[in-house]
Structure formats: structure tokens, C-alpha cells
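Below: one structure, written as C-alpha cells.
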């Protein structure tokens with residue numbers, strides 16, 4: 001296909017619509033009230049007046065991208081800054097030269113874009129075009145006398161980095177960092193994430209080094225972002241080196257970096273490395289936060305080190321209020337995992353004495369333990385306590401009851417316990433996911449979750465899920481003979 005040939009949908013002011021291949025040089029019949037829809041990577045709708053002041057970049061397109069004649073009226077409109085539109089073109093030849101040559105104008109008086117509009121125009125094209133098209137647009141505008149500012153260079157640099165053009169992104173970064181421009185912290189963060197996704201960790205290190213040398217005033221934030229990028233990718237050695245360089249430059253390790261340090265060692269390191277990182281955090285007098293606590297809890301659970309798990313929770317401090325019931329729930333979980341029922345009950349009473357109010361995760365941890373041990377009376381009392389505390393049960397609570405009774409072939413007695421709950425309520429899930437890392441998901445829970453995700457029915461209730469599950473269990477117990 002010719003590079004200047006596109007499939008174009010034209011809707012005139014008389015609402016006469018047609019969809020034909022037009023060469024860009026044949027659009028002289030358009031007026032300022034007409035609408036033009038161009039199908040590229042995405043549908044873009046512009047008025048003819050906008051089209052006059054917008055440099056159309058032609059690219060190769062496939063025939064399957066031909067527009068459907070039934071385009072809805074809600075096609076998104078890409079609006080340029082009002083100052084960039086200018087007055088409507090009085091004659092067709094000026095419009096043709098604009099579209100054909102991809103230029104804003106041929107004389108200084110034709111330059112109707114300010115530098116601010118220049119940045120907005122480039123960003124709009126970046127959302128819809130490829131890096132080479134954007135680079136061509138920038139060169140065209142630079143040849144007309146426009147000087148790209150930091151916003152334009154930053155947008156173009158991010159476009160290159162996200163599409164894998166690292167040499168071009170590095171060149172633009174060098175142009176920004178070696179000039180009088182000061183890059184925004186958001187741009188640096190996006191650039192680091194783009195490099196981390198592509199595995200370009202040396203570039204992240206270079207960005208940190210060059211940024212801190214110029215004293216932009218956000219050195220600690222840059223190191224924090226680098227540590228997060230290295231940690232999320234599992235590069236523990238680079239993360240360790242980044243923290244050491246940060247300290248050597250005189251920056252203090254704050255709570256964000258310290259907790260990220262512990263979190264990523266919990267995810268990608270061994271238990272010994274994780275515990276050493278936690279000890280370093282304590283020596284720095286930094287309080288461990290919820291995210292790092294959950295990461296360490298998950299590491300202990302995966303290794304089935306529940307005794308060390310309980311010791312860690314007591315060391316953190318069960319009286320902390322800023323993490324809610326998390327510490328107490330995890331302590332109960334450490335006992336429930338080994339079915340130490342007396343210790344579980346003792347710590348639950350200790351939680352109440354400490355002034356903490358149990359939530360849905362607290363009750364479900366106990367209910368799961370009672371259900372697996374077939375302790376029906378304790379399960380019944382736990383449900384009654386839940387109702388007394390006005391805690392709304394979720395799918396896990398119902399699953400504990402159903403699985404416990406079916407395991408002992410007491411399906412006829414399910415209504416005795418479920419009758420105290422609202423079986424016509426909409427299924428919800430409120431239990432902490434860490435509970436499932438210990439107990440897994442029950443049969444009723446897994447079956448119901450699959451139904452909720454796989455079907456389009458929206459009016460599910462617990463009674464409907466239970467009816468389907470009981471029917472499936474009944475059929476599974478039948479013996480079919482094929483003659």
C-alpha cells in the first residue's frame with residue numbers, strides 16, 4: 001500500500017457518510033465542520049480544522065484495518081490545544097500543502113504552535129503512533145524553528161525506552177542531563193521502570209549516578225526508586241549495592257527503603273538473609289510496616305517454619321495498633337496451621353483481653369481449624385460469636401460449614417447451621433489471602449469461585465451455589481453402568 005494512502009471515514013455536515021480509500025492530497029473538499037476518522041493503531045477522530053494544523057504522518061497499514069461503516073457516535077475525539085488550531089484555512093491549496101508536506105507552515109507567520117502546544121502535540125502523537133513517526137514529527141517541527149523543551153524530550157525518551165530503542169533513549173537522556181533542563185522525578189521513575197522491564201539494570205545505575213551528581217534535590221527519592229526496581233526484578237546484589245552507595249553519599253535510609261529492603265529479601269532471598277535484613281532494619285530504628293510483615297509471613301509459611309513465625313510476630317509487638325489485627329491474626333494462623341487448638345483458643349482470648357476486636361479473618365482462621373478437625377460444637381459457637389460481633393460472613397465461612405458436614409456425611413444437617421446465616425446474600429470474599437497459603441481453599445470455596453468467575457450470571461446467592469454444589473456431590477456418588 002502506498003505510504004500516503006489511508007482508509008478514511010468522512011462525515012460531512014450534511015451527515016452523508018462514506019468509507020473509501022483516499023489519498024491525502026485528494027481531501028480538498030473538506031470544510032471546517034466536517035469530521036474525519038483515521039484508522040491507524042486506534043480510531044482517531046478530528047475535525048477538518050484540526051486536521052489542517054495537525055501534521056499527518058503516513059505509515060504502512062494493513063487492509064484488515066479498514067474501518068467498519070457502522071462507526072458509533074461515541075468515537076473518542078483527540079482535541080489539540082485551542083491555540084494550535086488557528087483560523088480555518090481560506091483556500092484549499094494551503095490545506096493540501098499542510099497535509100502533503102507534514103508541516104505546520106512554510107513561513108514564520110504560519111507557525112501557530114507555542115512551545116507549550118508543541119509539547120502537547122508531541123504527547124498526543126506518542127499515544128497513537130510509533131517512535132519513528134514521533135521522531136519524524138519532532139524533526140519537522142525543529143526545522144520550522146521550534147525548540148523542544150524538557151517535556152518534549154522526556155516524552156520522546158520514554159517512548160523510545162518503552163519500545164526497546166535504548167540507544168535513542170540514552171542519547172535523549174544525555175541531552176537532557178547535560179543541558180540546563182531539570183528532569184521531573186516522575187519521568188525518572190517511568191524511565192527506570194521501562195529499563196527494569198527490559199532488563200537494562202546498568203542503565204538504572206547510570207541514571208542514579210548522573211542524577212545524584214547534579215544535585216537536583218531528590219537524591220534519596222532516586223535511590224529509593226532504584227532499590228524498588230532492583231528488588232522487584234529480584235536483583236538483590238544490585239539492591240544491596242544501591243543501599244551501600246546511598247549511605248556512602250550521606251543519605252539516610254528511610255522507612256520506605258528499609259521496608260522495601262526487607263520485603264524483597266523475603267520474596268527472593270533465603271530465610272537467613274531475610275532475618276539478617278530484619279535485624280538490620282531494627283538496628284536502624286525503623287519500624288517494620290505492613291507490607292514487609294506480610295512478605296516475611298509468606299516466607300515463613302512457605303518454609304513451614306511456624307515456630308519462628310510466632311517468635312517473629314512477638315518480636316514485632318502484638319500491641320501495635322497501626323496494622324490492625326494483622327499481627328494477632330497471623331499469630332492465630334501459626335497455631336491453627338499445626339492444629340494446636342488449646343494454644344489457638346488461649347491466644348484468641350489474649351487478643352480479646354488486649355482490646356482487639358476480631359474481624360472476618362480472625363473468625364475464619366478458627367472456623368477453618370474447627371472444620372478440618374470436625375469440631376462441630378466449636379464451629380457452632382464461633383458462628384454465634386461472629387453474629388454477636390456483627391461480623392458479616394463470607395464465602396470461606398459458608399465453605400467451612402459445608403465442607404465439615406459433607407466430610408462426615410451429614411449433609412441433611414447443613415440447614416441446622418446455615419439457617420442461622422443469610423443464605424440469600426450475595427457471595428463476598430473478605431478473608432486475608434495469607435490464610436489460603438496455610439489451609440488452601442476448601443472444596444465448596446473452589447467450586448463456587450469457579451462458578452462466580454466462569455459464568456455471566458450476576459445474581460448469585462449462597463443458596464444457589466450450595467444447590468449446585470450439592471447436586472454435583474450427589475452425582476459424583478452415583479454409579480453409572482454402560483450396557
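Our estimate of slack between residue 248 and residue 345, defined as 0.36 nm per intervening residue step minus the Cα-Cα distance, is 29.9 nm. Computed from the Cβ-Cβ distance with R0 of 41 Å, the FRET efficiency linking residue 451 to residue 305 stands at 0.70. Centroid-to-centroid, using Cα positions, region 330-360 and region 404-446 are 20 Å apart. Projecting label points 7 angstrom from Cα along Cα→Cβ for residue 352 and residue 413 puts them 2.4 nm apart. Residues 375, 225, arranged from fewest to most other Cβ atoms within 10 angstrom of their Cβ, appear as 375, 225.
No value in this document is a laboratory result; all are computed from the given coordinates. Note that the coordinates shown come from a computational prediction; the quantities given were computed from them, not determined experimentally. Here Cβ is always computed from backbone atoms with ideal geometry, including for glycine, and neighbour counts include all displayed protein chains.
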